[in-house]
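S.K.: If you scroll down you'll find the structure; I have some questions about it.
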Amino acid sequence: MTASASEPEDVARSCSASGPKDSTRTAPDPVPDTGRRADAPYDLVVVGAGSAGLAGAVAASELGLSVALLDSSAQSGGQFYRHPAPALGARRPEALHHDWSAFADLRRRLHASGVDHLTGHHVWSVVKETDGTWTAHALTGADGCADAPARIRARALLLATGAYERQLPFPGWTLPGVVGAGGAQAMLKSGLVLPGRSIVVAGSGPLLLAVASSLASAGARVPAVVEAAGYLRYGRRPRALATNPRKAAEALVHAAALVRHRVPVRLRSAVTEVHGTDRVEAVTVSRLDREWRPVRGTGRRIACDALAVGHGLVPQIELAVAVGCTTRALPDGTLGLALDDLQESSVPGLWAAGETGGVGGAELARTEGELAGRVIAARLLGRPARVGATAGLRRRRDRMRAFADVMSAAHAPGPGWTGWLSDDTDVCRCEEVPAGRIREAIAACGARDARTVKLLTRAGMGWCQGRMCGTAVACLASAGSAPEPPGERRPFAVPVPLSTLAALDGSPDPASAPDSPTDPVPS
Amino acid sequence: MARTPIGLVGAQPDPPFEITFDGRPVPALPGQTLAAALWGAGILAWRTTRDGGRPRGAFCGIGQCYDCLATVNGEPNRRACLVPAHPGDTITTQEGHGHDRLGV
Ligand SMILES: Cc1cc2nc3c(=O)[nH]c(=O)nc-3n(C[C@H](O)[C@H](O)[C@H](O)COP(=O)(O)OP(=O)(O)OC[C@H]3O[C@@H](n4cnc5c(N)ncnc54)[C@H](O)[C@@H]3O)c2cc1C
Ligand code: FES
């Protein structure tokens, strides 16, 4: 049974509307194909319906588990397979995607499966109950504003929440027209819009090439792709490259598109200033030395009306960190979840797949999701996974992970980037905290880590909970030595209305709650 | 003919409808978010910051930066990059943002 058989294009109309139409419904009693009673926990809750979560949910369901697949979005696909809502009538959505058929296949399996796909569910916390089951707490509606918070219970949990884009601030980055590179891609893929006519793409990481090629194919002029790293370091690990021909092919496709659209790529360079008063009019691009320090006198002005910028991706792991999962430092200075050979985290019963374990792309995410789904089914059904059944998946995963590590090391920000920060550049976009104030807190008050800087300056205390400024603050606080990766510690994965928290207080223990697992929390 | 996103994916959307931004009519396509409709009309800013009064709009595009907060049909703090557009929606520039309702 699929709650959203025809993916709803439309979640809650406004904050006052009740939750997404399909998603807060309860399952029939008992659910036919798995025999789950409506008031019983699911076998598995999957958070995130991107490549990893979709693959995990369908694999587990096909092996006989009852599965709820939760995602904040109204559609499946995650970041990579983000696509226009049905009402936009896209006849060739694949024009904006590499490997669309892999997604079409997952979607077909989802619709044929008994997975309950709960759209418009923003999970803000997961809790392990005393009886060992898990409860996922979610806000509902397009932006989580619907008055119908939900609790979904399950025996096992698969976190496939993907990543968010890493940002490094520079003078002018808060001007309208400066947008995330992945953000521009997401807005294009879902809304079929561009932030401008002439868009410079800058930052670091392989995503930049994909973004530039999509923007150019969609009609934007791309005066330059500006990459802070070089691609030389890829060459130092030829084995990882040679064993990942699909990745190499993907890069070639993007490179060919850039040549076709005459997009110049500038390596070892960065946008060091954005010009304009109320919106972007031009950017200055400067050469960088090996440490990413801008080289004086190399600045060149490029006219444009938008800038799409990003410096790689950060695994989105706060739900897991909050329940004590062990993390590991990744080669690019971010944190991912530490997972065993079968995708399980250090907390028994909590598995993860895709970017949560380290950024590596949609195909790796799909492979890990499939693996996790099979392993969880074997565990819950008491049939330990036969090694043969997962060996192929594990081999493919290891091969792609090795490539991901090379990629991530090649694009790790060099310590010299803070050289392009002027004291009046806002580092924290939410609380408008300029670099000068952070430097002062470090120099005068001896702040040495992001947490202390936050307490002294409010940097990282705004709505985004430090997602946009976390890397920058950690770098500034480390004053040149290797920065501690931001801890990805947030009390809640999404901001939660106080009324929802208050309603939890004194509500019955969910494990024994008489309401069905997807019923709203009484308020 | 100039290349466009709509042309690229061969989209044949249902007919557009109207929303308003600070009183001015803006066309939207069914299935677009408010932020997409605004970008489509060349509008990139619909919030001013609390301290500096600086203009802001969508930045991350996926619901994580909260820079795109707008007042929608009188209700503040809606993430325009997530909320789907509906005929007659009124968007007004939001000044600053508070977290009074939230336990962040
Ligand atoms: C903005 C952005 C754009 C990107 N664009 C591209 C691209 O064009 N090309 C490319 O090769 N790679 C792109 N990537 C990289 C992309 O993340 C991976 O290639 C791939 O999507 C990873 O799959 P995944 O399943 O691990 O995560 P994702 O595909 O990111 O899926 C995670 C899902 O979890 C959901 N989710 C997260 N947190 C919660 C929560 N608390 N509650 C409920 N649901 C939640 C999200 O809505 C999302 O649907 C992009 C990444 C980002 C952040
Ligand atoms: S653009 Fe970042 S939350 Fe909407």
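The values are calculated or read from the model by the stated rules, or taken from the named source; none is laboratory data. Being a predicted model, the structure only gives us computed values, none of them experimental. All Cβ positions, glycine included, derive from the backbone under ideal geometry; neighbour counts span all protein chains shown.
S.K.: So if I check each of A:G357, A:G361, A:G369, which one is of a type outside the set (S, T, Y) and under 22 Å from A:S113 (Cβ atoms)?
M.R.: Residue meeting the stated conditions: A:G369.
S.K.: Which residues, counting only those in the stretch A:401-435, are in a loop (DSSP other than H, G, I, E, B), of a type outside the set (S, T, N, Q) and over 18 Å from A:L209 (Cα atoms)?
M.R.: A:G414, A:L421, A:D423, A:D424, A:R429, A:C430, A:E431, A:E432
S.K.: Name the strands (runs of 3 or more DSSP E) wholly inside the stretch A:100-195 in which the number of residues that are within 17 Å of A:V494 (Cβ to Cβ) and more than 22 Å from the chain's Cα centre (by Cα) is 2 or more.
M.R.: In the stretch A:100-195, A:146-159 are the strands (runs of 3 or more DSSP E) which contain 2 or more residues that are within 17 Å of A:V494 (Cβ to Cβ) and more than 22 Å from the chain's Cα centre (by Cα).
S.K.: The conditions are (1) surrounded by fewer than 17 Cβ atoms within 10 Å (Cβ to Cβ); (2) more than 16 Å from ligand 2 (Cβ to nearest atom), and B:T93 fails exactly one of them. Which is it?
M.R.: Checking B:T93 against (1) surrounded by fewer than 17 Cβ atoms within 10 Å (Cβ to Cβ); (2) more than 16 Å from ligand 2 (Cβ to nearest atom), the one that fails is (2).
S.K.: In the stretch B:48-66, which residues are out of contact with any Asp or Glu (no Cβ under 7 Å at 6 or more places or on another chain) and more than 9 Å from chain A (Cβ to nearest Cβ)?
M.R.: Within the stretch B:48-66, B:G53 is the sole residue that qualifies.
S.K.: Quick one: in the stretch B:1-29, which of the residues that are out of contact with any Leu (no Cβ under 9 Å at 6 or more places or on another chain) and within 19 Å of A:S217 (Cβ to Cβ) is farthest from the other protein chains (Cβ to nearest Cβ)?
M.R.: Only one residue tops the list, namely B:M1.
S.K.: Please work out which residue is farthest from the chain's Cα centre (by Cα), limiting yourself to the stretch B:57-69 and to residues that are more than 6 Å from ligand 2 (Cβ to nearest atom) and within 12 Å of A:C464 (Cβ to Cβ).
M.R.: Among residues in the stretch B:57-69 that are more than 6 Å from ligand 2 (Cβ to nearest atom) and within 12 Å of A:C464 (Cβ to Cβ), the one farthest from the chain's Cα centre (by Cα) is B:I62.
S.K.: Test each condition in (1) facing chain B (nearest Cβ under 9 Å); (2) away from ligand 2 (no atom under 12 Å from the Cβ) for A:G172 and report the one that comes out false.
M.R.: A:G172 satisfies all of (1) facing chain B (nearest Cβ under 9 Å); (2) away from ligand 2 (no atom under 12 Å from the Cβ) except (1).
S.K.: Taking the criterion of being touching a strand residue (DSSP E or B) at 6+ places or on another chain (Cβ under 6 Å) and hydroxyl-bearing (S, T, Y), would at least one residue in the stretch A:94-103 satisfy it?
M.R.: no
S.K.: For A:G64, all conditions in the list (1) part of a loop (DSSP other than H, G, I, E, B); (2) under 22 Å from A:V359 (Cβ atoms) hold save one; what is the number of the exception?
M.R.: (2)
S.K.: For the stretch B:58-71, indicate whether the set of residues that are surrounded by fewer than 16 Cβ atoms within 10 Å (Cβ to Cβ) and touching a helix residue (DSSP H, G or I) at 6+ places or on another chain (Cβ under 7 Å) is non-empty.
M.R.: no
Yes or no, residue by residue, for (1) in a loop (DSSP other than H, G, I, E, B); (2) hydrophobic (A, V, I, L, M, F, W, C); (3) over 26 Å from the mean Cα position of the chain (by Cα):
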residue: A:D278; (1), (2), (3): yes, no, yes
residue: A:S286; (1), (2), (3): no, no, yes
residue: A:W292; (1), (2), (3): yes, yes, no
residue: A:R301; (1), (2), (3): no, no, yes
residue: A:C325; (1), (2), (3): yes, yes, no
residue: A:R328; (1), (2), (3): no, no, no
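S.K.: Let me ask something additional. Return the residue satisfying two criteria in turn: it lies in the stretch A:457-484 and is at pLDDT 90 or above, away from ligand 2 (no atom under 16 Å from the Cβ) and not small (G, A, S), and of such residues it is surrounded by the fewest Cβ atoms within 10 Å (Cβ to Cβ).
M.R.: So the residue we want is A:R458.
S.K.: Next up: Find the residue count for the stretch A:67-97, including only residues that are within 9 Å of ligand 1 (Cβ to nearest atom) and assigned to a loop (DSSP other than H, G, I, E, B).
M.R.: Number of matching residues: 12.
S.K.: Quick check on A:G297: is it in the same structural domain as A:G182 (by TED's automatic domain parsing), assigned to a loop (DSSP other than H, G, I, E, B) and free of Cβ contacts under 8 Å to residues at least 60 places away in the same chain?
M.R.: Spelling it out, A:G297 is indeed in the same structural domain as A:G182 (by TED's automatic domain parsing), assigned to a loop (DSSP other than H, G, I, E, B) and free of Cβ contacts under 8 Å to residues at least 60 places away in the same chain.
S.K.: Just a yes or no: is a residue in the stretch A:200-207 at pLDDT below 95, in a loop (DSSP other than H, G, I, E, B) and not assigned by TED's automatic domain parsing to the domain that holds A:G361?
M.R.: Taking every residue of the stretch A:200-207 in turn, at least one turns out to be at pLDDT below 95, in a loop (DSSP other than H, G, I, E, B) and not assigned by TED's automatic domain parsing to the domain that holds A:G361.
S.K.: Checking the conditions here, which among A:V200, A:V226, A:V178 is over 17 Å from A:Q79 (Cα atoms), crowded, with 24+ Cβ neighbours inside 10 Å and in contact with a Lys or Arg (Cβ under 8 Å, 6 or more places away or on another chain)?
M.R.: Just a single option satisfies the conditions, and that option is A:V226.
S.K.: Among (1) more than 24 Å from B:P84 (Cβ to Cβ); (2) modelled with pLDDT under 95, which single condition is A:D147 missing?
M.R.: (1)
S.K.: Moving on to the next point. Can you go through B:T33, B:T49 and tell me which one is crowded, with 19+ Cβ neighbours inside 10 Å, under 19 Å from A:L194 (Cβ atoms) and in contact (Cβ under 8 Å) with a residue 24 or more places away in the chain?
M.R.: B:T33
S.K.: Against the definition (in contact (Cβ under 8 Å) with a residue 12 or more places away in the chain and within 14 Å of ligand 2 (Cβ to nearest atom)), how does B:A41 come out, yes or no?
M.R.: No; evaluated as a whole, the condition is false for this residue.
S.K.: Run down A:G120, A:G89 and say which single residue is out of contact with any helix residue (DSSP H, G or I) (no Cβ under 7 Å at 6 or more places or on another chain) and within 16 Å of ligand 2 (Cβ to nearest atom).
M.R.: A:G120
S.K.: Regarding the stretch B:68-75, can at least one residue be identified that is modelled with pLDDT under 95 and either farther than 17 Å from B:T33 by Cβ or within 16 Å of ligand 1 (Cβ to nearest atom) (or both)?
M.R.: yes
S.K.: Which one of A:V347, A:V359 is in contact (Cβ under 8 Å) with a residue 12 or more places away in the chain, outside any helix (DSSP H, G or I) and more than 12 Å from ligand 1 (Cβ to nearest atom)?
M.R.: Of A:V347, A:V359, the one residue that is in contact (Cβ under 8 Å) with a residue 12 or more places away in the chain, outside any helix (DSSP H, G or I) and more than 12 Å from ligand 1 (Cβ to nearest atom) is A:V347.
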